[in-house]
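First the structure, in the form of structure tokens, and then the observations on it.
The values are calculated or read from the model by the stated rules, or taken from the named source; none is laboratory data. From a predicted model like this one, the values you see are computed outputs, not experimental measurements. Neighbour counts are summed over all protein chains in view; Cβ atoms, including those assigned to glycine, are modelled from backbone coordinates with ideal geometry. The protein model used for the area step is the full one, side chains on, heavy atoms only, and it has no ligands, DNA or RNA in it. Shrake-Rupley method; radii C 1.70, N 1.55, O 1.52, S 1.80 Å.
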Amino acid sequence: MKFNSASCQFAYWNGGRLRIANYLTRRTFSANPIALDVIGFFFTPATIEDALVEFRCYSPKSVATAILELIDAQLLLEYGSADWKRDRLVKSSWGPWLPEGGFHFMTKDTPYIPWDWPIREKIKALPPTPAPAQFKTIRGTHSIRLPLHEIGTDTFYKTLHARRTHREFGKGAVSLQKVSQLLQTTWGVQGYIEANVFGRLPYKTSPSGGARQPIEVYLLALRVDGLNRGIYHYQARDNRLARLPAKVDSRMAASFCADQPYFAGAAALFIMTAVFARTMWKYGTARAYRIVLLETGHLCQTFCLTATRIGLAPFSTAALKDSLIEKALGIDGISESVLYVAGVGLVADHSNAANLSATGSAS
Ligand SMILES: Cc1cc2nc3c(=O)[nH]c(=O)nc-3n(C[C@H](O)[C@H](O)[C@H](O)COP(=O)(O)O)c2cc1C
């Protein structure tokens, strides 16, 4: 049996100790620097016997123990195994953005403070220092009072000012017409631009770096009038919904959103994923990862404003169970990965959207 070093790893010093992290498995270990020689050796697939010969100046027992520990830590992988294939998929699909792109994987599936923790416990989880100032003023500068802008009757400004994050929803269903309006306005293709060497590129209501449009959206329809409960992929080019085989249950909305109970009442979730290769193909440095994240923000704001304008109650959340969602969507979580979730429901009778007391500490 041959072993191969995981490609998804980096090493760093912390308080005088060497730490090795596998960013795909999100496991980090303290190690003796000699472990780096063993890991280096296994970058060419080899057997344990090969390693015993290579490191013959050490006792076979100590070499074998170190290798077994590295296997246990998933820093050495069985050559050709499922774990090895997943590791290689990161290398092949994220190559140009590594190692910096390891951040994406290291920050997936983070634990969230449960929403029902007593407020005292939530406060204990915060730093003991006071919160930083909310606003910046630059001393020694002269400032000018600006003319006030009245919102007036302009529906654009009225919509902007009316948008709030909702955490309570009315009991009924939203119509397929409104869901379609949200999808088409936010993620639908508005037209195409001819971009010489890059060919014909789609544009949408939100800007996209290089018009690469890396973001896909999936609809989790829970209470949509005229649509069966299910998970659908929005086919932006054709403005169609393709139904996925995933089984849907009523707890899914809350469990996708890191068990935030208030989103269980939502009628539909709009799950944004990124196909990183679209952006990476043109922008080969890791800074372009930021572009992808920024774009989800643009899309989400468009979504929230559209929902507000059509009388629905929107929300967005980055507190997600990434791997759970990716499994339900049938995506690998590497070449395509979940980034952000928006949702809607009907406006609750006594909407207290502006009341933050319901906010969990996950946000
Ligand atoms: C990136 C992002 C992540 C958020 N995640 C959550 C979340 O996990 N749970 C939640 O209840 N609200 C979440 N929110 C909503 C914020 O709590 C909310 O925008 C903020 O309190 C301001 O209120 P407003 O949206 O009504 O203006 C998130 C907002 C943003 C922009």
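What list of ³J(HN,Hα) couplings, whole Hz, do you get for the range 185-202 from phi and the Karplus terms 6.51, -1.76, 1.60, once you set θ to phi - 60° and write x for glycine and proline?
Ordered by residue, 3J(HN,Hα) equals 5, 8, 10, x, 7, 8, x, 10, 10, 8, 10, 5, 4, 8, x, 8, 10, x Hz.
Using a/c under 1.5 as the rounded threshold, could you call the range 112-156 rounded, prolate or oblate? The axes a ≥ b ≥ c are square roots of the C-alpha gyration tensor eigenvalues, and prolate needs a/b larger than b/c, oblate otherwise.
Details: a/c = 5.79, a/b = 1.62, b/c = 3.57.
Oblate, because a/c is 1.5 or more while a/b does not exceed b/c.
Leaving out ligands and nucleic acids, and using a 1.4 Å probe, what accessible area per residue does the range 163-301 come to in Å²? Spell out each step's value before the answer.
On the way: 6560 Å² over 139 residues.
Roughly 47 Å² per residue, with all protein chains present.
So what is the relative contact order of the chain, in percent, for Cα pairs below 8 Å that sit 6 or more residues apart?
Working: 582 pairs, mean separation 69.0, N = 363.
Relative contact order comes out at 19 percent.
Can you classify the chain as rounded, prolate or oblate using the Cα gyration tensor, where a ≥ b ≥ c are the square roots of its eigenvalues, rounded means a/c under 1.5, and otherwise it's prolate if a/b beats b/c and oblate if not? Kindly include the intermediate steps, with their values, before the conclusion.
Details: a/c = 1.91, a/b = 1.70, b/c = 1.13.
Prolate, because a/c is 1.5 or more and a/b exceeds b/c.
Consider just the alpha-carbon atoms of the range 147-189 and return their Rg together with their Dmax, both in angstrom.
14.6, 43
Can you check what the Kirkwood hydrodynamic radius comes to for the range 192-232, Cα pairs only, in Å to one decimal? Don't jump to the answer; show the numbers that get you there.
On the way: mean 1/r = 0.0785 Å⁻¹.
Here the Kirkwood hydrodynamic radius works out to 12.7 Å.
Among DSSP beta bridges whose residues both lie in the range 94-240, state the antiparallel percentage, nearest 5. Provide the component values of the computation, followed by the final result.
Details: 9 of 11 bridges.
Given both bridge residues lie in the range 94-240, the antiparallel proportion sits at roughly 80 percent.
Which value, in Å³ per residue, describes the convex hull spanned by the Cα atoms of the range 106-225?
Working: hull volume 39.1 nm³, N = 120.
Per-residue hull volume (Cα only) is 326 Å³.
Antiparallel as a % of all DSSP beta bridges within the chain, to the nearest 5? It would help to have the intermediate numbers written out before the result.
On the way: 50 of 52 bridges.
For the chain, the DSSP antiparallel bridge percentage is about 95.
Can you pull the percent of the chain's accessible area that's carbon plus sulfur, 1.4 Å probe, other chains left in place? It would help to have the intermediate numbers written out before the result.
Values: 11390 of 20510 Å².
C and S atoms contribute 56 percent here.
Quick one: plug the Kirkwood hydrodynamic radius of the range 249-331 (C-alpha pairs) into Stokes-Einstein at 20 °C, 1.002 mPa s, and report D in µm²/s. Don't jump to the answer; show the numbers that get you there.
Working: Rh = 14.4 Å.
D = 148 µm²/s.
With θ set to phi - 60°, apply the Karplus curve 6.51 cos²θ - 1.76 cosθ + 1.60 along the range 337-350 and write out the HN-Hα couplings as whole Hz, x wherever there is a Gly or Pro.
For the range 337-350, the Karplus-derived couplings read 9, 6, 10, 7, 10, 10, x, 9, x, 6, 5, 5, 3, 10 Hz, x marking Gly and Pro.
Per residue of the chain, what 222 nm ellipticity follows from adding -39500 (n - 2.57) for every DSSP H run with n ≥ 4, rounded to the nearest 500?
-9000 deg cm²/dmol, from helical runs alone.
Give the range of the longest stretch in the chain that excludes all trypsin sites (Lys or Arg not before Pro) found in loop regions by DSSP and having at most 11 other beta-carbon atoms within 10 Å.
On the way: sites that count: R56, K136, R139, R145, K171, R237, K247, R251, R287.
My reading of the result: 57-135 is the longest stretch.
For H166, enumerate residues with amide H under 5 Å from its amide H, sequence gap 5+ or separate chain, H modeled in the peptide plane.
Excluding prolines and chain starts, which carry no amide H, the hits are F315.
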